[in-house]
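Everything on this sheet refers to the single structure shown next.
The values are calculated or read from the model by the stated rules, or taken from the named source; none is laboratory data. What you see is a predicted model, and the numbers here were worked out from it, not measured in a lab. For neighbour counting, all protein chains shown are included, and Cβ atoms are generated from backbone atoms with ideal geometry for every residue, glycine included. Keep in mind that these areas ignore ligands, DNA and RNA; they rest on the heavy atoms of the full protein, side chains included. Shrake-Rupley method; radii C 1.70, N 1.55, O 1.52, S 1.80 Å.
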Amino acid sequence: MLLAVGVLLSGVLPAAGGPPPPAVARTIYVVQPDPRLCPSPLCGGYWVSRANHARTRCHDGLLRPRCYVAIAIGASSRKPLATGVPANSLVRGIIGTWPFDGFGDLGAVIVTDLWGPMSQAPPTGDFYRLRDIGVRCIRAPCFSLRAWRVNRPLRVTVSDLDFGEAHATPGQLRRAEAALSSPEGLFAVGRINGTATGGRVFRATQLFLRASRPRA
């Protein structure tokens, strides 16, 4: 799922050293490559926004709709990621700084985990983590799935899933179904609607699969 994205377009490399990796990263961010054409590292990095929030606190302490970061850093390696972050990906991490020769400290996203989108379908709705909680019923509706709203305290149970708008392949759907039963669950974007039988259905517009551990 990982696609190469140029981060250091003009060959400007970060200075040696860099900040220590975060001890714990809990926030989930939505990441978009920066398409602007200007001298790197001032352009060509990423736009990062906190999932399910209108504003994100950037490396300078200010709240903005999204934050520009010049580089993505592996939390464990303390080095730039060897592979880029695909558009509309989710990362668990921290927004910090990274030193660049001649530019000083610029924004950086320090990545502990990455989930790539299954398709190019635009994500509409809210970001959730879904998990099968093992409940089985003899009649419908059966509230066998729990949905946590990402970066928010809200959690609800749902009785049905609709992946039709996510435009995933059969193989991707099998991986998504397997993720539902994993301890981590499945990350998805969508909305929750009531059903005529008194249940609740989660209608996904995009699904995310865990990428291999970010490599530097």
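Any idea how far apart R139 and D101 come out in nm if each label point goes 7 Å out from Cα toward Cβ?
Each label point lies 7 Å from its Cα, and together they span 7.4 nm.
Calculate one ³J(HN,Hα) per residue across region 70-76 by plugging θ = phi - 60° into the Karplus curve 6.51 cos²θ - 1.76 cosθ + 1.60, and present them in order as whole Hz with x for glycine and proline.
Computed from phi, the couplings for region 70-76 are 7, 7, 10, 10, x, 5, 7 Hz.
List the trypsin sites (Lys or Arg not before Pro) within region 148-216 that fall in a DSSP loop (any state other than H, G, I, E or B) and whose Cβ has at most 15 other Cβ atoms within 10 Å. Walk me through the numbers on the way to the answer.
Details: sites: R149, R155, R174, R175, R191, R200, R203, R210, R215; in loops: R215.
The qualifying sites are R215.
For the chain, with only Lys/Arg (+1) and Asp/Glu (-1) charged at the beta-carbon, what is the dipole magnitude about the Cα centre, in debye rounded to 20? Mind dumping the intermediate values first?
Working: 26 positive and 12 negative charges, 124 e Å.
Rounded to the nearest 20 debye, it is 600 debye.
³J(HN,Hα) across region 114-125 via Karplus (A = 6.51, B = -1.76, C = 1.60, θ = phi - 60°), whole Hz, x for Gly/Pro?
9, 10, x, x, 6, 8, 8, 4, x, x, 10, x
Test of understanding: in a Gaussian network model of the chain with alpha carbons linked when under 10 Å, which of L180, L161, L62 would top the mean-square fluctuation ranking?
Looking only at L180, L161, L62, the biggest GNM fluctuation is shown by L62.
Search the structure for amide H atoms under 5 Å from the amide H of S89, placed 1.01 Å from N in the peptide plane, and list their residues when 5 or more places away or on another chain.
V31
If you count only protein heavy atoms with a 1.4 Å probe, what accessible area per residue comes out for region 153-216, rounded to a whole Å²? Kindly include the intermediate steps, with their values, before the conclusion.
Values: 3290 Å² over 64 residues.
Accessible area per residue, region 153-216: 51 Å².
Out of [x] 18.2; [y] 20.0; [z] 17.6, which label holds the value of Kirkwood radius over Cα pairs in Å that was computed here?
Matching the structure shown: [x].
Using DSSP to call loops (not H, G, I, E or B), can you name the GluC sites (Glu not before Pro) in region 114-214 whose Cβ has at most 13 other Cβ atoms within 10 angstrom?
Values: sites: E165, E177, E184; in loops: E184.
In loop regions of region 114-214 (DSSP not H, G, I, E or B), the sparsely surrounded GluC sites (Glu not before Pro) are E184.
Is it possible to state the helix-based mean residue ellipticity at 222 nm for the chain, with each DSSP H run of 4+ residues giving -39500 (n - 2.57), the sum divided by total residues, to the nearest 500 deg cm²/dmol? What is it?
Values: 1 runs with 11 residues, N = 216.
The helix-only estimate for the chain comes to -1500 deg cm²/dmol at 222 nm.
Would you mind putting 74-81, 39-46 in packing order, based on average other-beta-carbon counts within 10 Å, highest first? Before the final figure, lay out each step's value.
Working: 74-81: 16.8, 39-46: 20.4.
Most protected by this proxy first, the peptides run 39-46, 74-81.
Roll a 1.4 angstrom probe over the protein heavy atoms and tell me the percent of accessible area of region 35-188 that is carbon or sulfur. Can you show the working numbers first?
Values: 4000 of 7440 Å².
Using a 1.4 Å probe with all protein chains present, region 35-188 comes out at 54 percent carbon and sulfur.
If you line up the long axis of helix 170-180 against the longest principal axis of the chain, both from Cα atoms, how many degrees apart are they, to the nearest 10?
With rounding to tens, the tilt is 90 degrees.
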